[in-house]
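Peer 1: My structure is below; once you've seen it, I'll send some questions.
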Amino acid sequence: MTPADCGRLAVVGLGPGDPRYLTPEADTALAAAAALYGYGPYLDRVPARAGQSRHPSDNREEGARAAAALRHAAQGTDVAVVSGGDPGVFAMAAAICEKMETGPESWRALDVVFIPGITAMLAVAARIGAPLGHDFCALSLSDNLKPWELVERRLDAAASAGFVIALYNPVSRARPWQFGNAIERLRGHLPPATPVIFGRAVGRSDEQVSVVTLDAAAATPADMSTLVIVGSRATRVIARPGRSPLVYTPRTAAEVSV
Ligand code: SAH
């Protein structure tokens, strides 16, 4: 097979849920695909089109899903793999790269494109103001693929360096204690009144966004659909008459505020 007829793989970000957040580029790639792969609930967001096959799989099967999609594309098929949000943020793009690096050479010859999407932290931030207005970082609290001690080290480093911290995967049924533990850890670095934003199911019909203080954060419900943004010492809340408050982090940092 020559590179011209060996199939195409598009790794597509669907955004956080609202169809208005799906980019035109992503929409075009989804329409062009002959086969769609993804976690079931994400695939359900893609409208059915005649002649397309759909291959839903479970949440924890990212590696197997990536391999199946690459194998299918290597047969000469136009395949799209979907991720919620952005595929490069704790999602399928890295899973595809991992398999390409170690898999058969024919997988590295594929025409692979990565199509960005609006990631959860940007969608949540936009609902509330500009919490990511200065330096920030993102951490997944899932310890499925890394030891919890590493999460703790990164939380300490990020909070003590003054970063605003976006926490993906805060809680799941299999990981009930990690979020409370992470918040306790951050309380060792940050004042009790530090603003913490909880954005749940942003862009979906059951969306909820709230702001609490760090000392109330551990008791605030979070689940697998929640993205949490923990402010830095510089993050501020603007109360507004008759409207929800704005949370923002100023663009300048005059001193090491840790
Ligand atoms: N690739 C995705 C992230 C996958 S990790 C992205 O770029 O957004 C899954 C985590 O993302 C969830 O546990 C949650 O923390 C966050 N998340 C995904 N969609 C969300 C949404 N609509 N609202 C709030 N958080 C969301």
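Peer 1: Find the Cα radius of gyration of the chain, compare it with 2.2 N^0.38 Å by division, and give the number to two decimals.
Peer 2: 1.10
Peer 1: Right, something else. Dividing the Cα radius of gyration by the Kirkwood radius, what Rg/Rh value follows for the range 1-51?
Peer 2: Using Cα coordinates only, the ratio equals 1.00.
Peer 1: Moving on. Considering only protein heavy atoms and a probe of 1.4 Å, how much of the accessible area of the range 152-199 is carbon and sulfur, as a whole percent?
Peer 2: 52
Peer 1: Sort the following peptides by mean Cβ neighbour count (other Cβ atoms within 10 Å, averaged over residues), highest first: 97-109, 174-186.
Peer 2: Top of the packing list down: 174-186, 97-109.
Peer 1: How are the C-alpha pair distances of the range 175-215 spread across 10 Å bins, as whole percents from the shortest bin up?
Peer 2: 26, 42, 28, 3
Peer 1: Report the calculated FRET efficiency for Arg236 and Leu150 (r = Cβ-Cβ distance, R0 = 51 Å), to the nearest 0.05.
Peer 2: Computed FRET efficiency for Arg236 and Leu150 comes out at 0.95.
Peer 1: Using Cα centres only, tell me the gap between the range 155-189 and the range 96-115 in whole Å.
Peer 2: Cα centroid to Cα centroid, the span is 33 Å.
Peer 1: Next up: Please list log₁₀ I(q)/I(0) at q = 0.19, 0.27 Å⁻¹ for the range 75-123, using the Debye equation with identical point scatterers on the alpha-carbon positions.
Peer 2: Cα-only, vacuum Debye calculation for the range 75-123: -0.66, -1.07.
Peer 1: For the range 186-197, in order, what is each residue's ³J(HN,Hα) by Karplus, 6.51 cos²θ - 1.76 cosθ + 1.60 with θ = phi - 60°, in whole Hz (x at glycine and Pro)?
Peer 2: Those phi angles translate into 5, 5, x, 10, 10, x, x, 8, 3, x, 10, 9 Hz.
Peer 1: Can you give the alpha-carbon Rg of the range 127-177 over 2.2 N^0.38 Å, where N counts its residues? It would help to have the intermediate numbers written out before the result.
Peer 2: Working: Rg = 12.2 Å, N = 51, 2.2 N^0.38 = 9.8 Å.
So the range 127-177 has a normalised radius of gyration of 1.25.
Peer 1: Summarise the long-distance tail of P(r) for the range 113-258 by giving the % of C-alpha pairs beyond 26 Å.
Peer 2: Here the tail beyond 26 Å accounts for 20 percent of pairs.
Peer 1: Do any trypsin sites (Lys or Arg not before Pro) in the range 15-69 lie in a DSSP loop with no more than 13 other beta carbon atoms within 10 Å, and if so, which? Walk me through the numbers before you get to the answer.
Peer 2: Numbers: sites: Arg20, Arg45, Arg49, Arg54, Arg60, Arg65; in loops: Arg45, Arg49, Arg60.
Sparse-neighbourhood loop trypsin sites (Lys or Arg not before Pro): Arg49, Arg60.
Peer 1: Taking 0.36 nm per residue of sequence separation and subtracting the Cα-Cα distance, how much length would be gained by fully extending the chain between Arg251 and Glu61, in nm to one decimal?
Peer 2: Details: separation 190, 0.36 × 190 = 68.40 nm, distance 3.99 nm.
Extra length from Arg251 to Glu61 when fully extended: 64.4 nm.
Peer 1: For q = 0.22 Å⁻¹, what log10 I(q)/I(0) does the range 20-115 give under the Debye formula with an equal point scatterer on each alpha carbon and no solvent?
Peer 2: Values, matching the q order: -1.21.
Peer 1: Can you tell me the equivalent ellipsoid semi-axes for the range 82-167? Use √(5λ) from the Cα gyration tensor, largest first, whole Å. It would help to have the intermediate numbers written out before the result.
Peer 2: Numbers: eigenvalues 167, 70, 19 Å².
In descending order the semi-axes read 29, 19, 10 Å.
Peer 1: Next up: Could you list which residues have their amide H under 5 Å from that of Ser244, counting only those 5 or more apart in sequence or on another chain, with H placed in the peptide plane?
Peer 2: Long-range HN contacts for Ser244: none found.
Peer 1: May I pose another question? Using the Karplus curve 6.51 cos²θ - 1.76 cosθ + 1.60 with θ = phi - 60°, what ³J(HN,Hα) values do you get for each residue of the range 57-71, in whole Hz, with x for Gly and Pro?
Peer 2: The phi angles translate into 8, 7, 3, 8, 9, 4, x, 5, 5, 4, 5, 5, 5, 5, 4 Hz.
Peer 1: Now a separate question. Using a 1.4 angstrom probe, figure out how much accessible area the chain has per residue, in square angstrom, rounded to the nearest whole.
Peer 2: That works out to 50 Å² per residue.
Peer 1: What are the residues whose amide H is under 5 Å from the amide H of His134, where those residues sit 5 or more places off or on another chain and H is modelled from the backbone?
Peer 2: For His134, the qualifying residues are Thr249.
Peer 1: Hey, another quick one. To the nearest 500 deg cm²/dmol, what mean residue ellipticity at 222 nm is calculated for the chain from DSSP H runs of n ≥ 4 alone, each contributing -39,500 (n - 2.57), summed and divided by the residues?
Peer 2: -8000 deg cm²/dmol
Peer 1: Then there is this: Could you work out how far apart the two model spin labels at Ala216 and Thr23 are, taking each label as a point 7 Å from the Cα in the direction of the beta carbon, and quote it in nm?
Peer 2: Going by the 7 Å Cα→Cβ label model, 3.7 nm.
Peer 1: Cα centroids of the range 1-60 and the range 116-134: how far apart, whole angstrom?
Peer 2: 24
Peer 1: If amide hydrogens are placed 1.01 Å from N in the peptide plane, which non-local residues have theirs closer than 5 Å to the one on Val11?
Peer 2: Amide H to amide H, under 5 Å and 5 or more residues apart or across chains, Val11 pairs with Val81, Val113, Phe114, Ile115.
The values are calculated or read from the model by the stated rules, or taken from the named source; none is laboratory data. Remember, it's a predicted structure, so these values are computed and weren't measured experimentally. So basically every Cβ, Gly included, is an ideal-geometry build from the backbone, and we count neighbours across all protein chains shown. Heads up: the accessible areas ignore ligands, DNA and RNA and are worked out on the full protein's heavy atoms, side chains in. Shrake-Rupley method; radii C 1.70, N 1.55, O 1.52, S 1.80 Å.
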